[in-house]
Amino acid sequence: MAKSVLLLSALLFNSIFSFAQDLQPLLKGVAHISIAEGTIDCDFTLTDIPRVSDYSVLINSGMNIRSVSNLEDNYKFGYEKVYDERKDESFGYYIPDNTGKAKFIPKGLRFRYTGKFPVVKDSLLRQRTDWRGNIAFNGYSVRADGLQSSWYPVFYDIKKEKRYHEVRCEIEIDCPDCKVIYINGHEPVSGSKASIKSDQPLELFLFAGDFEVKSRKGTHFLNAGISDKQASAFETITESFKQFYESKLGIKYTSQISYVVSTPTSDKNAWMFVAYPTIAQVGWDYKGMPGFFKSDFDKQYLAHEFGHFYFGHYLRCNSVLGPVFNEGFTEYISLQLGRHLFADSVYKTSLKNMIGELKDFEPMPFSAIRTEEDFKNRQLYVYNYAPLLFTAIEYEIGEDLMWKWLNEILRAETTVTDFDFLKKTLHTVLKKEAQYNLIADKYFQSPSSLKNVLERVNSGTQRR
């Protein structure tokens with residue numbers, strides 16, 4: 001049996017961000033989990049909390065709070081509970097001060113709560129949908145991310161719109177019917193108990209239950225259905241992804257990735273997501289990681305997740321345009337990877353498919369976006385419209401300047417990654433004022449932005 005006390009290995013990198021970072025909160029405590037019953041019972045404390053005037057602590061809406069108390073004397077606070085649909089699956093909790101007009105933050109908070117979730121063992125029990133923020137019990141495992149599900153308390157700075165889901169931790173997981181317990185960034189633990197300690201802030205993605213683990217040169221494959229030969233081939237493929245991104249962006253890809261594969265609690269959903277240094281694949285269609293050997297299109301989906309190392313992890317976004325940075329730029333660089341590493345038809349077909357899906361879509365230009373609702377259709381806006389727009393700009397300025405712009409975005413110091421930041425970084429790279437004004441007018445500000453984008457991309461002419 002592997003040691004139950006794990007220290008974060010030196011294989012994990014020191015995250016470098018584009019703007020100053022606060023001290024991340026420290027999470028301590030224990031979670032008792034039952035795979036058979038679908039229950040999570042938690043006793044967690046949160047300290048090193050940012051001293052801000054307007055905050056909430058996010059906890060999954062399926063959790064029933066038993067108490068919120070002070071660490072110093074275990075005094076049980078009265079608390080307020082609020083719901084904001086933008087905070088995914090969570091309720092927000094805060095302590096009102098004595099006047100009832102402001103919020104009080106003690107030095108630390110202790111949260112005790114219990115949640116019970118559906119256990120989906122067979123097709124008759126499957127739910128209508130599954131998604132990243134779902135706390136999913138599928139009969140043999142539990143899956144819970146840290147960004148959306150908030151299975152542990154997550155401090156949220158309302159003014160900055162910043163979620164402190166990456167935490168330092170000293171926690172225990174007790175799961176009697178588990179054979180493997182995995183917490184993001186740590187060695188998988190064989191057994192029913194694990195003690196995890198980390199001074200490196202991480203999103204605490206949780207995957208535990210009864211499944212196979214294969215490890216190779218520090219890379220872990222959990223429930224992946226992959227042979228040693230396939231694991232070796234997979235390493236070769238993903239190493240080429242890293243080398244491509246490093247060569248273009250000038251930032252070393254230093255993370256040792258773990259791969260998690262799980263079936264959803266629904267009939268049809270399938271997707272991938274990243275909780276660095278974990279890449280998770282959920283779905284029925286691939287039947288494990290061997291599906292990525294089917295075609296270059298499948299490999300390009302994986303390349304998108306690798307791209308999130310840069311846009312989403314290295315660069316943290318904190319404005320309404322955050323999804324444009326996180327997903328739009330990531331989809332763009334994965335298109336470029338496919339263009340250079342795979343057959344030319346993969347790139348052309350990808351662009352054609354993206355354009356086809358925008359047939360009846362009327363996006364607002366970047367300059368008009370004020371709320372998430374302004375995207376109208378987030379999927380089409382950030383995964384289709386935005387990367388096509390960046391492709392059009394590349395056709396205007398050439399590949400070299402486009403990569404320089406991406407470098408500037410990743411390295412420039414800023415406190416907010418908003419529309420002004422997007423414009424400023426492009427302006428820094430483009431030395432010609434007339435060229436900058438042309439691009440800003442056509443693609444960032446014009447009500448006819450989509451028409452301009454499609455005309456430029458469909459022309460097929462590019463500056464080299």
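According to the square roots a ≥ b ≥ c of the eigenvalues of the Cα gyration tensor, what is the shape class of the stretch 185-301, taking rounded for a/c under 1.5, prolate for a/b larger than b/c otherwise, and oblate for the remainder?
Oblate, because a/c is 1.5 or more while a/b does not exceed b/c.
Can you give the % of DSSP beta bridges in the chain that are antiparallel, to the nearest 5?
75
Take the solvent-accessible surface of the protein heavy atoms, probe 1.4 Å, and return the percent of it on the chain that carbon and sulfur atoms account for.
49
Using only helices, what value at 222 nm comes out for the chain when you add -39,500 (n - 2.57) per DSSP H run of length 4 or more and divide by the total residues, to the nearest 500 deg cm²/dmol?
After summing the helix terms and dividing by the residues of the chain, the value is -7500 deg cm²/dmol.
What are the semi-axes of the equivalent ellipsoid for the chain, taken as the square roots of 5 times the Cα gyration tensor eigenvalues, largest first, in whole Å?
37, 28, 20
Counting alpha carbon pairs within less than 8 Å and at least 6 residues apart, what relative contact order, in whole percent, applies to the stretch 94-146?
Relative contact order for the stretch 94-146 comes out at 23 percent.
Need one number: nm distance between label points at SER227 and PHE293, each 7 Å from Cα along Cα→Cβ, rounded to one decimal.
0.7
In nm, to one decimal, how far is the modelled label at ASP73 from the one at MET364, with both set 7 Å along Cα→Cβ?
5.0
Of LYS352/LYS404; LYS28/LYS76; LYS242/LYS294; LYS28/LYS116; LYS193/LYS214, which ones are farther than 24 Å apart at the Cα?
LYS352/LYS404
What shape does the stretch 319-464 take by its C-alpha gyration tensor, where a ≥ b ≥ c are the square roots of the eigenvalues and a/c under 1.5 counts as rounded, a/b above b/c as prolate, and the rest as oblate?
Judged from the Cα gyration tensor, the stretch 319-464 comes out rounded (a/c under 1.5).
Could you compute the net charge surrounding ILE196? Neighbours are other residues with a C-beta less than 9 Å from the C-beta of ILE196; K and R count +1, D and E count -1.
Result for the neighbourhood of ILE196: -1.
What order do you get for 407-420, 167-180 when each peptide is scored by the mean count of other beta carbon atoms within 10 Å, highest first?
167-180, 407-420
Report the charge-dipole magnitude of the chain in Debye, nearest 20, computed about the Cα centre from +1 at each Lys and Arg Cβ and -1 at each Asp and Glu Cβ.
Once rounded to the nearest 20, the dipole reads 340 debye.
Per residue, how much accessible area does the chain have with a 1.4 Å probe, in Å²?
I get 44 Å² per residue for the chain.
Would you mind computing, in nm to one decimal, how far apart the modelled labels at ASN98 and TRP284 are, each placed 7 Å from Cα along Cα→Cβ?
If labels sit at ASN98 and TRP284, their model points lie 6.0 nm apart.
Return the Rg/Rh ratio of the stretch 402-464 with Cα-based radii and a Kirkwood Rh.
Over the Cα atoms of the stretch 402-464, Rg/Rh equals 0.99.
Express in nm, to one decimal, how much length is gained between GLN379 and LYS162 on full extension, taking 0.36 nm for each residue of separation and deducting their alpha carbon distance.
75.9 nm
So, counting K/R as plus one and D/E as minus one, what does the shell of residues with Cβ under 9 Å around ILE35 add up to?
In short, -3.
Taking 0.36 nm per residue of sequence separation and subtracting the Cα-Cα distance, how much length would be gained by fully extending the chain between ASN64 and ILE251, in nm to one decimal?
Extending this stretch completely gives an extra 63.0 nm.
Using unit Cβ charges (K, R positive; D, E negative) and no other charged atoms, how large, in debye to the nearest 20, is the dipole of the stretch 315-397 about its Cα centre?
Using only the charged Cβ atoms, the result is roughly 140 debye.
Output the lone cysteines of the chain: those with no second cysteine's C-beta under 4.7 Å from their C-beta.
Flagged as lacking a Cys partner: CYS42, CYS169, CYS317.
Taking a threshold of 29 Å on the Cα-Cα distance, which of the pairs LYS81/LYS424; LYS359/LYS423; LYS252/LYS431; LYS248/LYS299; LYS121/LYS179 fall above it?
Violating the 29 Å limit, Cα to Cα: LYS81/LYS424.
The values are calculated or read from the model by the stated rules, or taken from the named source; none is laboratory data. Given the structure is predicted, the values throughout are model-derived calculations rather than measurements. Note: ideal-geometry Cβ built from the backbone for every residue, glycine included; neighbour counts use all protein chains shown. SASA here: full protein model, heavy atoms, side chains in, ligands and nucleic acids out. Shrake-Rupley method; radii C 1.70, N 1.55, O 1.52, S 1.80 Å.
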